[in-house]
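Okay, so here's the structure we're looking at.
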């Protein structure tokens, strides 16, 4: 099929090009905006084009939307180069060739719809009819190319497979793994021709020790394993894990912190469990929190009118994807990360179970539910790939022992402390309280959607069980006193309603009164300690606590009535009904625990501080806009509940990471793993990276970029990217500076053929930004903490990492309390901060060298980088203090020492080690 001859537009930081017919010409932004307003134009990634033009109301024929219709659940990098590659076309040589490419791509996609072997034809015609009614711009263009099937197509929900009940598994058999067995399994996974790595073999054997029967009930086998980058730790731990699962018929949970590693694990696990050998049950299952999966009931509501406008079009495209998705994972799964951003709204999240309102067996799609599929599959699996938070939640709430992890490998183990810190935290804020109200009462009047309150979800229980009905009514009446819509405005106007809003108003007033910034930090959150509070504040807290107790107590009674109903239910209560009530009990238990934590926090106010916790008040703001107000509580040491809830009930646990310990000191790893809070001996293992950092990497500390000089900082970034020819990952500690730097250099770099992308600037999700960066070796990417860890970009695409400054810990009440606790325990506040900084530097440096062939520079723009922090970098890595001009000479391709003979000397006076 020839190219689709429609006017096409492409906009980048270097200019804008418009193609009409067979002619492409450069146009100004004004001309481009007029053209887009006159007629729908063909474009790629409309929100990005709108951002480039400064025209937020831009609309047109977005090629990515067409791709999502034609090939749902298929990956494509959303750039001209990316879509050219996936469709088998040559990539455009320059920006002015992109409009013609878009026409070619559109023609190929339409031709695909006419092909007899179009794999995703099923359901396309029916969805297209709905999209025609919703006036999707592509609908009329597509209509001649998608033929009507001879038989009526089954609706999405009729095509999805149902899960099946399975017998409860026997407990795993006690099993010992011998070193020769582990070695043989590792060789099988890596391949007989693979390079032999003694470090990987040693690491694999050490992990195997956690699968031995534990010596006593509260003494799990606990291994802390430092595994340097390049060791091959994934296959290193999958070897003993797969061997133990096979011999014992048990389940191993591998927990990660980033979605990127979950995807990698799923790929690597195919070596241990080849897909062609799978029989009855999937041996490998990926598990995430409920809020990651598509809720079919929410989707049905959206498809039947719950969504309007562009969101309704998104729902249809998500429906297309759901029919072909591997597991219904919308966040980091096979739903394109860019799909939600194309529609510039939060409709993607509203299609998941964000509020815990699942009705379980009461849902007409319960037997086809993606979440239930994953939960049941994981109970039969040999390997469950999860994240740290889910593992901790399952350990804390797991009433079903089949879902409670007992053999766990925490990859990215250096994040376990932070995950536990969030999991075992309590936050009584306006947003949290209003969600509690909605869960109990239901949505406010005038709200759209199917969301129902507790009364509606358990109406049959209330009608059958009088006491249960009274408990529901009591909880509903008490919840009326929680914050409702418009609470933030009422707080700002000084007119709070009810005891909870009155408390939040007092929190807001105290926090602003104690603010030391003088209004200079209007875009950021402010906080103050929950100490020295006046009597009126404490009285308001007690009234709020009484309100919470009035909700919690009937919920407890309701839970007991539901338990009785399940054990001795009426004749009409079938298996599905029992499952629905059991699901409701679990959801109620979660809310009861939350309410109890809130009450405990409020009841401590005005009394002696609890040494186990850190409490504070906060007003959360973003760009001078308040979005939440409340009280917060964290464990001073979150590894205490982690040890009690996760480690003690387990039989074997391993924490592994390339940055688990601080230099060669295990003290921080022991403290941040929970090891100090359990019985028994802790196993320690270390496998050093096989990479030759001395030959393949340099750390350059630039000393002449002044702190606070935004122009100088932007100039440094721009010149470094130009000298490297792209391939730069820029890391920032503040979004404001990131935006300022991007705004000053993006156009200049684009004119030199060096694309620049940025978090918090480009309307693209973080995962897709990394995909774009990985796909184009001349592009560069600016970001914050999310890009400092868990980003895997090997090869030429990442040749240089630049940090704008030393990553000092952000001052906060929680940080100050932990700093003081470290000093009180015999250490020092400075040592506490240094450990955090060295960990961040090590994690950032770890992005640079991802394979034995990688080379690159790690640059810190700091005029006074403390020498005591240099141990963060791998031993032997040259560390040089120099000027920006000298740094530019070292990083330029063909000039860099790393691009010349490996034994080229470095002047000894330049090199520094701690």
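The values are calculated or read from the model by the stated rules, or taken from the named source; none is laboratory data. On a predicted model such as this, the values are computed, not experimentally measured, just so you know. Here the Cβ is made from the backbone with ideal geometry for all residues, glycine too, and neighbour counts use every protein chain on show.
The single residue among 579, 531, 544, 549 that is under 35 Å from the mean Cα position of the chain (by Cα), assigned by TED's automatic domain parsing to the domain that holds residue 511, modelled with pLDDT of 95 or more and surrounded by fewer than 19 Cβ atoms within 10 Å (Cβ to Cβ) turns out to be 549. Residues of the stretch 252-264 that are in contact with a helix residue (DSSP H, G or I) (Cβ under 7 Å, 6 or more places away or on another chain) and part of a loop (DSSP other than H, G, I, E, B): 257 alone.
Please pick out the residue among 504, 482 that is under 23 Å from residue 610 (Cα atoms), crowded, with 17+ Cβ neighbours inside 10 Å and touching a helix residue (DSSP H, G or I) at 6+ places or on another chain (Cβ under 6 Å). The unique qualifying residue is 504.
Return yes when residue 396 is surrounded by fewer than 20 Cβ atoms within 10 Å (Cβ to Cβ), in the same structural domain as residue 665 (by TED's automatic domain parsing), part of a helix (DSSP H, G or I) and over 19 Å from the mean Cα position of the chain (by Cα) and no when it is not. Judged against the criteria, residue 396 is a match.
The condition (being surrounded by fewer than 20 Cβ atoms within 10 Å (Cβ to Cβ), assigned to a helix (DSSP H, G or I) and either assigned by TED's automatic domain parsing to the domain that holds residue 435 or in contact (Cβ under 8 Å) with a residue 40 or more places away in the chain (or both)) is satisfied by just one residue among 303, 339: 303.
Candidates 136, 118: the one that is touching a helix residue (DSSP H, G or I) at 6+ places or on another chain (Cβ under 7 Å), at negative phi, crowded, with 17+ Cβ neighbours inside 10 Å and part of a loop (DSSP other than H, G, I, E, B) is 136.
Among the residues of the stretch 763-778, is there at least one that is out of contact with any strand residue (DSSP E or B) (no Cβ under 8 Å at 6 or more places or on another chain) and at positive phi? The answer is no, given that none of the residues of the stretch 763-778 is out of contact with any strand residue (DSSP E or B) (no Cβ under 8 Å at 6 or more places or on another chain) and at positive phi.
None of 367, 346 is within 30 Å of residue 57 (Cα to Cα) and surrounded by fewer than 20 Cβ atoms within 10 Å (Cβ to Cβ) except 346. When each of 271, 267 is tested for being in a helix (DSSP H, G or I), surrounded by fewer than 17 Cβ atoms within 10 Å (Cβ to Cβ) and in contact (Cβ under 8 Å) with a residue 24 or more places away in the chain, the lone residue that passes is 271.
The single condition among (1) at pLDDT below 95; (2) touching a strand residue (DSSP E or B) at 6+ places or on another chain (Cβ under 9 Å) that residue 427 does not meet is (1).
Each row is one residue, and each column tells you yes or no for (1) surrounded by fewer than 20 Cβ atoms within 10 Å (Cβ to Cβ); (2) touching a helix residue (DSSP H, G or I) at 6+ places or on another chain (Cβ under 7 Å); (3) under 16 Å from residue 768 (Cβ atoms).
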position: 15; (1), (2), (3): yes, yes, no
position: 34; (1), (2), (3): yes, no, no
position: 40; (1), (2), (3): yes, no, no
position: 45; (1), (2), (3): no, yes, yes
position: 56; (1), (2), (3): yes, yes, no
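Identify all residues within the stretch 141-183 that are more than 30 Å from residue 220 (Cα to Cα), in contact with a helix residue (DSSP H, G or I) (Cβ under 7 Å, 6 or more places away or on another chain) and in a helix (DSSP H, G or I); write none if there are none. Correct list: 142, 143, 145, 156, 157. Kindly check whether there is at least one residue in the stretch 652-672 that is assigned to a helix (DSSP H, G or I), free of Cβ contacts under 8 Å to residues at least 12 places away in the same chain and surrounded by fewer than 17 Cβ atoms within 10 Å (Cβ to Cβ). For the stretch 652-672, residues assigned to a helix (DSSP H, G or I), free of Cβ contacts under 8 Å to residues at least 12 places away in the same chain and surrounded by fewer than 17 Cβ atoms within 10 Å (Cβ to Cβ): present. Scanning the stretch 342-369 for residues that are free of Cβ contacts under 8 Å to residues at least 40 places away in the same chain and assigned to a loop (DSSP other than H, G, I, E, B) yields 343, 345, 346.
Only one of the listed residues (129, 150, 134, 140) is under 27 Å from residue 328 (Cα atoms) and over 33 Å from the mean Cα position of the chain (by Cα). That residue is 129. Just one residue in the set 629, 614, 538 is within 17 Å of residue 502 (Cβ to Cβ), touching a residue at least 40 places away in the same chain (Cβ under 8 Å), outside the structural domain of residue 392 (by TED's automatic domain parsing) and buried (at least 19 other Cβ atoms within 10 Å of the Cβ); that residue is 629. Close Cβ contacts (under 6 Å, 6 or more residues apart or on different chains) running from residues in the stretch 437-450 that are assigned by TED's automatic domain parsing to the domain that holds residue 477 and modelled with pLDDT of 75 or more to residues that are exposed (fewer than 12 other Cβ atoms within 10 Å of the Cβ) and part of a helix (DSSP H, G or I) are absent. The residue of the stretch 678-692 that is farthest from residue 244 (Cα to Cα), among those that are buried (at least 17 other Cβ atoms within 10 Å of the Cβ) and out of contact with any strand residue (DSSP E or B) (no Cβ under 7 Å at 6 or more places or on another chain), is 691. The helices (runs of 4 or more DSSP H) located wholly in the stretch 1-80 that include 3 or more residues which are within 35 Å of the chain's Cα centre (by Cα) occupy 46-53, 63-70. Yes or no: the stretch 687-704 includes at least one residue that is farther than 24 Å from residue 661 by Cβ and assigned to a loop (DSSP other than H, G, I, E, B). There is at least one residue in the stretch 687-704 that is farther than 24 Å from residue 661 by Cβ and assigned to a loop (DSSP other than H, G, I, E, B). Here the stretch 744-766 is the region considered, the condition is being assigned to a helix (DSSP H, G or I) and in contact with a helix residue (DSSP H, G or I) (Cβ under 8 Å, 6 or more places away or on another chain), and the residue that is farthest from residue 715 (Cα to Cα) is 766. Scanning the stretch 785-808 for residues that are farther than 19 Å from residue 853 by Cβ, surrounded by fewer than 18 Cβ atoms within 10 Å (Cβ to Cβ) and free of Cβ contacts under 8 Å to residues at least 60 places away in the same chain gives 785, 786.
Yes or no: the stretch 145-158 includes at least one residue that is crowded, with 18+ Cβ neighbours inside 10 Å and at pLDDT below 90. Yes, that holds for at least one residue.
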